[in-house]
Amino acid sequence: MKRFALTIVAFACAGAPLAVPAQSSDIFLCVDADGQKTFQNVGTGKGCRRMDVGPVLTVPAPRIQQRASREASERVTVSPANFPRVDRETQVSRDNDRKRVLEDELKSEEDKLARLKAEYNGGEPERRGDERNFALYAERVQRLREDVARAESNVNALRREIALLRTQ
């Protein structure tokens, strides 16, 4: 409540020369028995006095210039004359290298996913000798579940990236 009223007072004072007066409201400064000051919009308590802050002011939002924004969207950015250019053959070679790298990553991630799914065994992996305590087994199952989800996410991301290369 205190910050809200202080904010109103600050905006009212700062925007006074630019604003159009709106509806007036009262602000009260109240001091309690401990000496704590609070700002309120009602002065019903003991130790409250009305502050003279003038009317509450509002500033209208600026209008958007549609023509200017349309012109800005129609502008084409041109690279500077000294900006380095790459010939078509070099760019095609780089794109092919990138595609090959992504396909290699996809293959290795798919292999990893298949290995993790086999170990996860549908949520019931084989218990190992060092997992006599069920909590250790449950932790490993949880880690495997998270690893499988992460690997699936990676595979999907790589497939999307490769699909984007084909559309360009």
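The values are calculated or read from the model by the stated rules, or taken from the named source; none is laboratory data. Bear in mind the structure is a predicted one, so any value in this text is a computation, not a measurement. Ideal geometry is used to build each Cβ from the backbone, glycine not excepted, and the neighbour counts take in all protein chains shown. Please note that ligands, DNA and RNA were not included when accessible areas were found on the heavy atoms of the full protein model with its side chains. Shrake-Rupley method; radii C 1.70, N 1.55, O 1.52, S 1.80 Å.
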Could you pull the accessible area for Arg159 with a 1.4 Å probe, rounded to 10 Å²? 120 Å²
With every protein chain present, what accessible area does Phe39 have (1.4 Å probe, heavy atoms only), rounded to the nearest 10 Å²? 30 Å²
Could you give the nm distance between label points at Glu110 and Leu164, where each point is 7 Å from its Cα heading toward the beta carbon? 2.1 nm
With just the Cα atoms of region 83-168, tell me how far they stretch along each of the three principal axes, in Å, largest first. 64, 23, 16
Fully extended contour minus Cα-Cα distance, from Thr90 to Asn41, at 0.36 nm per residue: 10.6 nm
What is the gain in length, in nm to one decimal, between Val31 and Glu126 on full extension, counting 0.36 nm per residue of separation less the C-alpha to C-alpha distance? 27.2 nm
